[in-house]
Structure formats: C-alpha cells, structure tokens
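The values are calculated or read from the model by the stated rules, or taken from the named source; none is laboratory data. All values derive from a computational prediction rather than experimental measurement. Note that each Cβ is placed from the backbone with ideal geometry, even for glycine, and that neighbours are counted across all protein chains shown.
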Amino acid sequence: MNKPPKPNPWKKISGKTIYDNPWITLDEDQVINPGGGNSVYGKVHFKNFAVGVIPLDKDNNTWLVGQWRYSLNEYSWEIPMGGGPIGIDLKESAQRELKEETGLIASSWELFLKMHTSNSVTDEVGYAFVARDLEQGETEFEETEDLEIKKLPFSEAVEMVMRGEITDSLSMIAILKLARLHNP
C-alpha cells in the first residue's frame, strides 16, 4: 500500500446511521473539511465486496449477462458479478457467481483487479477475476435475477464498452484492464 503524502485533513466530529439493510448502511457524519469548515458527509457502506468474473474459453470468447437494473431503470450488459460476503474467500464468491449466472465452472482463476467503485460517496471495493478452462453446467439464478446470457468474442465485449453499450463500472474497468494486460 502506498504511504499517503500528507496526513488526512478530514476530521469526524460525530456520526449517525440514517438507513440500514442487509446489503448497505447509510451514515451521515458531521465533519471538519480540509478547508476548516463544518460540513456534513454522507457515506454508503457496503456489507459485501463486489466480485466480477470474465470467463474466457480457449477461443477467447466470453459471456455477458443482461438484466434490468432497478436503480437505473435501464437494461444493462455486464460481466457475471455479485456480492462477496466480507470474510469469505473472494475466489469462492467469484466461483459461486459465475456458476449461478452462467452455469460455467472454471478450473483456472486469476485475480487481476481491485477497484473502488465510487470513492467519493461509498467504501465499496470491487474485485475481478479471469476464469479459464471452462465447463458448462446449469445456471442457478436468484429470485431477483431475470438474466439473458450472451456468449461473444472478448474483442466484441471491448467494443461494447467503447460504444457505450456496457456502462457498469466494474464491467468496463475489468474488460478494459484485461484487454490491456493479456490482450486475449
């Protein structure tokens, strides 16, 4: 981890929880900001990690999942992903999500991305794996999932990002980073 160039200028005076459910907590803190003024700061705390997977077969095809996202009221194409409970092995969560959403089982796994999804308002951390040596099984959708599964060349997933057809942050960053790292 990099050492910060200077001390944290933010000072928390007090805080309270405004909202809490099994997935998130919304906190409101009274703070002194870097300029010395009194401020209020809202923070969304996620109770899970975001875990995404880019499955790649021997021909460099991948799988995307499409679904309506309630919070956006838009249809979204994404890499297979979900919540990984804090304290559970990240790879175990990634394996579960890949199987659940695509039916795929992989024997080769590589963690290649850690990111903060929106660090001005949330502490959510996202991770992405590339999964290889794939075997097709049955999907295990959750009650909240009504997914369309699309198999396509990885290069087409990169083009979908570039055309603005994939807008989910974890999906975009994972696809573009993997394209840069491995040029599959």
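Apart from one condition, GLU156 fits all of (1) free of Cβ contacts under 8 Å to residues at least 24 places away in the same chain; (2) within 21 Å of HIS116 (Cα to Cα); (3) charged (D, E, K, R); the exception is (2). Report, by residue number, each residue of region 9-19 that is among the small types (Gly, Ala, Ser) and either at pLDDT below 95 or surrounded by 12 or more Cβ atoms within 10 Å (Cβ to Cβ) (or both). Listed by number, the list holds a single entry, GLY15.
Screening GLY87, GLY66 for residues that are surrounded by fewer than 19 Cβ atoms within 10 Å (Cβ to Cβ), of a type in the set (Gly, Ala, Ser), within 24 Å of ASP20 (Cα to Cα) and assigned by TED's automatic domain parsing to the domain that holds GLN136 leaves exactly one candidate, GLY87. When GLU143, GLU138, GLU92 are screened for being more than 16 Å from ASN60 (Cβ to Cβ) and in contact (Cβ under 8 Å) with a residue 24 or more places away in the chain, only GLU138 passes. Which one is nearest to the chain's Cα centre (by Cα) among residues in region 34-60 that are surrounded by fewer than 16 Cβ atoms within 10 Å (Cβ to Cβ) and not in a strand (DSSP E or B)? Filtering region 34-60 for residues that are surrounded by fewer than 16 Cβ atoms within 10 Å (Cβ to Cβ) and not in a strand (DSSP E or B), the one nearest to the chain's Cα centre (by Cα) comes out as LYS47. Residues in region 20-29 that are modelled with pLDDT of 95 or more and loosely packed, with under 14 Cβ neighbours inside 10 Å: ASP20, ASN21. Taking (1) free of Cβ contacts under 8 Å to residues at least 12 places away in the same chain; (2) closer than 25 Å to ILE86 by Cβ in turn, GLY37 satisfies each apart from (2).
Do the conditions hold for GLY83, that is, is it closer than 28 Å to GLU143 by Cα, at pLDDT below 95 and not in a strand (DSSP E or B)? Here the answer is no, as GLY83 does not meet what is asked.
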